[in-house]
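Everything below concerns the one structure shown next.
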Amino acid sequence: MRKWLQHISNRTARRLTLLLAAAGVLLLGTAVWLTLSMEEEPATLTTFAMGSYVQQTVYGSQGEEAAQAASTAVTELENRISWRVEDSDIALLNQEAGKDFQEIGSQTWEILQTALQVCQQSGGAFDVTIAPLSWLWNFDENPHLPEADTIAAFLPQVNWENVLLGEDNTAALKTSSTALDLGAVGKGAACDAAVAVYQESGVDRAVVAVGGSIGLWGEKPFGDPWRVALRDPATDGSLGELALQGGFVSTSGSYEKQFEEDGTTYHHILDPDTGYPAQSGLVSVTVWSSSGVLSDALSTACFVLGLEDSLPLLEEFASGAVFVTEDNQVYVTENLQDAFSLTAQDYTLAGTL
Ligand code: ADP
Ligand code: MG
């Protein structure tokens, strides 16, 4: 009899435990669902600056104000660093090339400082004094193949060592034929400027995309990573994705701006050694870094350097990359191996570097 009673109570206890567990799971599920569904809709804003769309998605109660403030910050930055803007810091330095040190904004000074480090570490594959050549090729307004003699004559004018950074936010260009073009870092710098606003505004999290550069700020709920889609260089579709906890991502690709003349295709990333579009066997490089200026500068530098020569440079700046070669091979640096997944059918994941 006692045994029988014990049997019943054991069974009841088991049922009760099961029931409680099921209720627990249900409660937890409801809580998760409530948290997710109660989350505020993000503020989204698309504006135009630096020749690109500036796309923002900002979460948190201050989202809308922060997105507006970030958009203003990006335009202010453009007015500081674009050679096209008449009274920008860069236009001033170009105008006064070969003369005295000029006073420039601290933001411009810091961008130049980081960019010059990449110029140096890349052995000049990335060069902020590319302007005489980029103006000659004129990819933005009237792209055309320049005369070989003209390219040869302009080549010596490209030399980042002619940029002098003084103290107290001053800079100078050593010779009158030196000129700056920050086109290769502008969009990354814009992401930095937007993220600085998010930081100050105390928003929960945000993502900003300016052309081929992206800034990720804050953490997603439940430790989920941000998912950044990488473009298939051959189509408008997706190559794959990077699952990242944060940071900045920039892509440089030969497909971005190009023209054809006499059966040859020319693109806008120039090799400062030859004066012609870089031919390193790559069609695109995506770089992940701790800042937008770095990811943008490094993506251009790596595109010029090619796969193997890029590796020491990426290591120097604690960055990672996804390379796509002309023969549809995809290479990923070890630090992004777990983060990257390839989805496009026409490519082969060739290896880890
Ligand atoms: P995008 O501007 O399409 O995002 P990049 O970031 O790679 O692409 O920058 C390319 C731009 O940088 C060019 O349009 C030109 O203004 C400039 N540029 C071209 N070649 C170099 C180079 N070797 N070093 C520095 N800047 C470059
Ligand atoms: Mg770049």
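With R₀ fixed at 25 Å, the C-beta to C-beta distance from Ser238 to Glu260 puts the FRET efficiency at about 0.45. When +1 charges are put on Lys and Arg Cβ atoms and -1 charges on Asp and Glu Cβ atoms, the dipole computed for the chain relative to its Cα centre reaches about 2700 debye. For Leu282, the residues whose modelled amide H falls within less than 5 Å of its own, excluding neighbours fewer than 5 places apart on the same chain, are Glu326. Only one residue of Gln113, Pro42, Val128 has its Cα farthest out toward the positive end of the dipole of segment 32-182, where Lys and Arg carry +1 and Asp and Glu -1 on Cβ, and that residue is Val128. Subtracting the Cα-Cα distance of Glu40 and Gln337 from their residue separation scaled by 0.36 nm leaves 103.6 nm. Once backbone amide H atoms are built at 1.01 Å from N, Leu270 has Ala278 as its partners under 5 Å, excluding neighbours fewer than 5 places away on the same chain. In this simple spin-label model, placing a label point 7 Å from the Cα along the Cα-to-Cβ direction at both Leu155 and Glu315 gives a separation of 3.0 nm.
Using only the Cα atoms of segment 156-209, build the gyration tensor, take square roots of its eigenvalues as a ≥ b ≥ c, and label the shape rounded, prolate or oblate: rounded if a/c is under 1.5, else prolate if a/b is larger than b/c, else oblate. Cα axes put segment 156-209 in the oblate bin. Within the accessible area of the chain, the carbon and sulfur atoms contribute 49%, probe 1.4 Å, all protein chains present. Helical content alone sets the calculated 222 nm signal of the chain at -12500 deg cm²/dmol, taking -39,500 (n - 2.57) per DSSP H segment of four or more residues and averaging over every residue. 3J(HN,Hα) along segment 323-336: 9, 10, 8, 4, 9, 6, 9, 10, 10, 10, 6, 3, 5, 10 Hz, from the Karplus curve 6.51 cos²θ - 1.76 cosθ + 1.60 with θ = phi - 60°, whole Hz, x for Gly and Pro. Think of a 1.4 Å ball rolled over the protein heavy atoms: the chain then has 52 Å² of accessible area per residue. Residue separation of Thr348 and Arg227 scaled by 0.36 nm, minus their Cα-Cα distance, works out to 41.5 nm of gained length.
The packing ranking of peptides 96-105, 254-263, highest mean first, is 96-105, 254-263, where packing means the average number of other beta carbon atoms within 10 angstrom of each residue. Rounded to the nearest whole Hz, the Karplus-based 3J(HN,Hα) values (6.51 cos²θ - 1.76 cosθ + 1.60, θ = phi - 60°) of segment 40-50 follow the sequence 5, 5, x, 7, 10, 8, 10, 10, 10, 7, 6, with x at glycine and proline. Remark: relative contact order (the chain) = 15 percent; criterion is Cα-Cα distance under 8 angstrom and separation of 6 or more residues.
What number of lysine-lysine pairs in the chain show an alpha-carbon separation below 28 angstrom, given a sequence spacing of 8 or more or placement on distinct chains?
Counting lysine pairs in the chain gives 4.
Applying the Karplus relation 6.51 cos²θ - 1.76 cosθ + 1.60 with θ = phi - 60° to segment 251-259 yields 3J(HN,Hα) values of 10, 10, x, 6, 6, 4, 9, 8, 9 Hz, where x marks Gly and Pro.
Note on Asp87 and Trp135: the extension gain reaches 15.4 nm, defined as 0.36 nm multiplied by sequence separation minus the Cα-Cα distance. Between Gly166 and Ala171, Ala172, the built amide H atoms are under 5 Å apart, and every one of these is 5 or more places off in sequence or on another chain. In the chain, a dipole from Cβ-located charges (positive for Lys and Arg, negative for Asp and Glu) runs towards its positive end, and of Gly202, Ala97, Ile269 it is Gly202 whose Cα lies farthest in that direction.
The values are calculated or read from the model by the stated rules, or taken from the named source; none is laboratory data. The shown structure was predicted, so the numbers you read here are calculated from the model rather than taken from an experiment. Every residue, glycine as well, gets a Cβ built from its backbone with ideal geometry; the counts of neighbours run over all protein chains shown. Quick note on the areas: whole protein, heavy atoms, side chains included, nothing else; ligands and nucleic acids left out. Shrake-Rupley method; radii C 1.70, N 1.55, O 1.52, S 1.80 Å.
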